[in-house]
1. Sorting check: for 59-68, 295-304, 309-318, which peptide has the highest mean count of neighbouring beta carbons within 10 Å, and how do the rest follow?
2. With 24 Å as the limit, write out which pairs from LYS206/LYS289; LYS256/LYS293; LYS3/LYS324; LYS196/LYS247; LYS227/LYS289; LYS175/LYS238 have Cα-Cα distances beyond it, or answer none.
3. Which of VAL51, VAL117, VAL182, VAL36 has the fewest other C-beta atoms within 10 Å, and how do the rest follow up to the most?
4. Let's see if you can work this out: charge +1 on each Lys and Arg Cβ, -1 on each Asp and Glu Cβ, no other charges. What is the dipole magnitude of the chain about its Cα centre, in debye to the nearest 20?
5. Once the Cβ-Cβ distance between GLU73 and ASN348 is put in as r, and R0 is 56 Å, what FRET efficiency do you end up with, to the nearest 0.05?
6. Over the range 1-140, what portion of Cα pair distances is larger than 22 Å, expressed as a whole percent?
7. Report the Cα-based extents of the range 135-304 along its three principal axes, largest first, to the nearest Å.
8. From the C-alpha gyration tensor of the range 225-269, pull out the three semi-axes of the equivalent ellipsoid (sqrt of 5λ each), sorted largest to smallest, in whole Å.
Amino acid sequence: MSKKPIILAIESSCDETAAAIISENNNNQPIILSNVISSQEEVHRKFGGVVPELAARSHLDKIDWIVEKAIKESGINLNEIDAVASTAGPGLVVCLSVGLSFGKAFANSLNKPFIAVNHLEGHAHSPRLNSNLGYPYLLLLISGGHSQYLSVKDLNKYKRIGTTIDDALGEAFDKTAKLLGVEFPGGPQIEILAKKGNSNRFDLPKPIINRGGCNLSFAGLKTAILKISKQINNNQDKYDIAASFQKTIEEIMYKKTIAAFNEFEKINKLEKKIFVIAGGVAANKNLRKMFKKLCEERNFESIFPPIELCGDNAAMIGLVGLEKYKLKLFDELDFPAKPRWQLDEEANFLKGAGVKL
């Protein structure tokens with residue numbers, strides 16, 4: 001029996017220092033031998049958000065023992081590693097550089113191939129770590145820095161059909177939480193607060209809800225929350241704002257996803273249609289419930305990564321690294337960090353004033 005590839009993966013695009021060992025079983029399905037994630041929540045909490053310089057310093061402090069722990073937990077020996085994959089972008093350049101440099105040095109020391117991985121591509125394929133996912137499929141990538149719909153045709157083959165023209169959905173959650181006085185990272189807490197609130201109390205705006213196809217906008221919603229937050233007098237006010245925000249997000253994503261379904265069906269004539277929801281915000285249980293219901297209505301199969309793999313992690317980087325290794329898609333050791341790195345290289349940049357929809 002031939003040896004299965006073993007990939008060491010490293011992720012440091014933002015505020016998680018992560019390392020994983022990925023291989024595959026006899027059916028050529030990916031398997032996680034280890035997946036270690038070290039969060040920096042305590043480092044950034046008092047600042048209410050990620051401070052790039054502090055994040056990079058934390059990566060430098062932790063990356064040695066995180067990688068060592070991942071290797072130890074996997075039960076493999078160093079000489080069994082076939083390639084090293086590191087996130088090269090997008091993300092905070094000072095953070096990316098830590099994991100990228102470490103990965104290059106590690107690959108060079110072992111005389112093994114190095115693979116630069118797009119962080120978004122990791123999210124895009126992450127459900128393959130727990131499902132037999134085929135191509136093509138519609139992807140909704142929703143995280144702290146990204147919100148976009150893509151038609152995924154294969155590894156390295158993407159067509160973006162919708163994106164945010166301003167804030168990412170995860171950013172809207174985090175900024176709303178901060179306005180409500182919730183400590184960083186506050187986004188996941190919105191769902192908890194919302195359970196105690198009246199979702200019909202505040203009528204919040206739904207920017208570009210009836211135009212722009214499946215493009216998204218959350219800046220106007222965030223501004224509305226800012227104005228309302230100045231009138232908070234008690235905890236119930238906070239709960240009601242959170243509930244109204246959660247409801248509004250669900251209504252926006254419901255209608256925009258219908259538009260994305262229509263666009264995807266124009267591009268791909270399929271009997272079996274798959275909708276993948278990935279990224280940190282994919283862990284939101286209310287959104288998951290809404291997306292599942294919508295998929296039943298429109299005859300799509302909904303697929304999510306496991307909750308623990310929705311946020312940034314190295315297992316998803318290792319999965320892409322594994323696929324690229326089998327295709328011999330290796331990179332040189334001078335591959336640069338790319339703070340902006342789109343999956344669809346031909347897609348227009350749609351952010352800033354004057355965007356026309």
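1. Details: 59-68: 18.9, 295-304: 15.8, 309-318: 29.2.
Going by the mean number of other Cβ atoms within 10 Å, highest first, we get 309-318, 59-68, 295-304.
2. On the way: LYS206/LYS289 20 Å; LYS256/LYS293 15 Å; LYS3/LYS324 17 Å; LYS196/LYS247 13 Å; LYS227/LYS289 30 Å; LYS175/LYS238 14 Å.
In this structure, LYS227/LYS289 exceed 24 Å between Cα atoms.
3. Values: VAL51 17, VAL117 28, VAL182 20, VAL36 23.
Least crowded to most crowded, the residues run VAL51, VAL182, VAL36, VAL117.
4. Values: 46 positive and 41 negative charges, 220 e Å.
Charge dipole, the chain, about its Cα centre: 1060 debye, nearest 20.
5. Numbers: r = 43 Å, r/R0 = 0.77.
Given R0 = 56 Å and the Cβ-Cβ separation, E is 0.85.
6. Value for the range 1-140 (Cα pairs over 22 Å): 40 percent.
7. If we take the Cα atoms of the range 135-304, the spans are 53, 28, 27 Å.
8. 36, 9, 4
Every number in this text was worked out from the coordinates using simple rules, so none of it is lab data. Being a predicted model, the structure only gives us computed values, none of them experimental. Don't worry about glycine lacking a Cβ; one is built from the backbone with ideal geometry, like all the others, and counts go over all protein chains shown.
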